[in-house]
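I have placed the structure first, in the form of structure tokens, so that the comments after it can refer back to it.
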Amino acid sequence: MTARLVLATTNAGKLVELRRILATDPRLAGVEVLSAADVALPDVDEDGKTFADNALRKARSGVVACGLACVADDSGLVVDGLGGEPGVRSARYAGRHGDDAANLALVLERMAGVTDRAASFVCVAALVAPDGREWTAEGTLQGVLVDAPRGDHGFGYDPIFQPLGSALTTAEMLPEQKDAISHRGKAFRAIAAAIAELASGQPAAP
């Protein structure tokens, strides 16, 4: 099986993580995974109301731009004590898109004195084929927010997110430990079957 798949993201940390997750599936061994930069995908406004809206928007735009199957995701941190924020605005919570340090600092600032520390990481992965077929898959990781950043791995809000049942933040986990339980790991493992069927040319039910 030889096929090309575009990961429609310009986030370097996310690109590394998604390639690592997909590389563990033997069904995708013959799939060449390209980045948004490899095919010069345009930026897409992520102003949808849901994670699925944004993921599909990015994947659809990618297909129109390059003519190849595209997979995209939208993911973020949902904090109970902040009424669900930052949610779909996770990447630009502090104002500038992709400023991880500022976003994380703002969450901690707004959580000062808040006793309800429950939070979840949510990811929706979307696959769009050149023929218009579409698939989505969702993954969620439940946890709590710690008071101060811990760990040097991962990116985004990983240093302040501690999964339920773990003594480590996701930034303190080794990459393979995080992938096994993460929201992105769950979503992309769920959509891998559709990627494999699409790449092999066999009919895949959306």
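The values are calculated or read from the model by the stated rules, or taken from the named source; none is laboratory data. Here the structure is a predicted model, which means the values were calculated and not measured. Cβ placement follows ideal geometry from the backbone for every residue including glycine, while neighbour counts extend to all protein chains displayed.
Assess whether residue 167 counts as being exposed (fewer than 15 other Cβ atoms within 10 Å of the Cβ), of a type outside the set (Lys, Arg), at pLDDT 95 or above and under 21 Å from residue 45 (Cα atoms). The answer is no for residue 167. Every test in (1) of a type in the set (Gly, Ala, Ser); (2) farther than 30 Å from residue 3 by Cα; (3) buried (at least 16 other Cβ atoms within 10 Å of the Cβ); (4) touching a Pro at 6+ places or on another chain (Cβ under 9 Å) is passed by residue 120 save one, and that test is (4).
Yes or no: segment 131-138 includes at least one residue that is in contact (Cβ under 8 Å) with a residue 24 or more places away in the chain and over 23 Å from residue 10 (Cα atoms). The answer is yes; a qualifying residue exists. Checking each residue in segment 9-28 for being under 14 Å from residue 91 (Cβ atoms) and more than 11 Å from the chain's Cα centre (by Cα) picks out 10, 12.
Under the condition of being assigned to a loop (DSSP other than H, G, I, E, B) and among the aliphatic types (A, V, I, L, M), the residues counted in segment 125-147 number 2. Screening the candidates 56, 18, 7 for the property of being more than 20 Å from residue 132 (Cα to Cα) and surrounded by 19 or more Cβ atoms within 10 Å (Cβ to Cβ) yields one hit, 18.
Count, please, the residues in segment 125-164 that happen to be more than 30 Å from residue 64 (Cα to Cα) and either at pLDDT below 95 or not small (Gly, Ala, Ser) (or both). Even if it seems obvious, please write down each step before you answer.
Applying the first criterion (more than 30 Å from residue 64 (Cα to Cα)) to segment 125-164 yields 141-154, 157-164.
Narrowing the set further to residues that are either at pLDDT below 95 or not small (Gly, Ala, Ser) (or both) leaves 141-142, 144-147, 149-150, 152-154, 157-164.
Result for segment 125-164: 19.
Taken over segment 62-91, the criterion of being among the small types (Gly, Ala, Ser), touching a strand residue (DSSP E or B) at 6+ places or on another chain (Cβ under 9 Å) and either more than 23 Å from residue 42 (Cα to Cα) or not in a helix (DSSP H, G or I) (or both) is satisfied by 69, 72, 75, 76, 81, 84, 87. Restricting attention to segment 148-206, the residues that are closer than 24 Å to residue 103 by Cα and assigned to a loop (DSSP other than H, G, I, E, B) total 21. Would you mind stating whether residue 166 is of a type in the set (S, T, N, Q) and within 13 Å of the chain's Cα centre (by Cα)? No, not satisfied. Which residue pairs have Cβ atoms closer than 7 Å, lie 6 or more positions apart in sequence or on different chains, and pair a first residue in segment 36-47 that is more than 14 Å from residue 4 (Cβ to Cβ) with a second residue that is assigned to a loop (DSSP other than H, G, I, E, B)? Matching pairs, first to second residue: 37/10.
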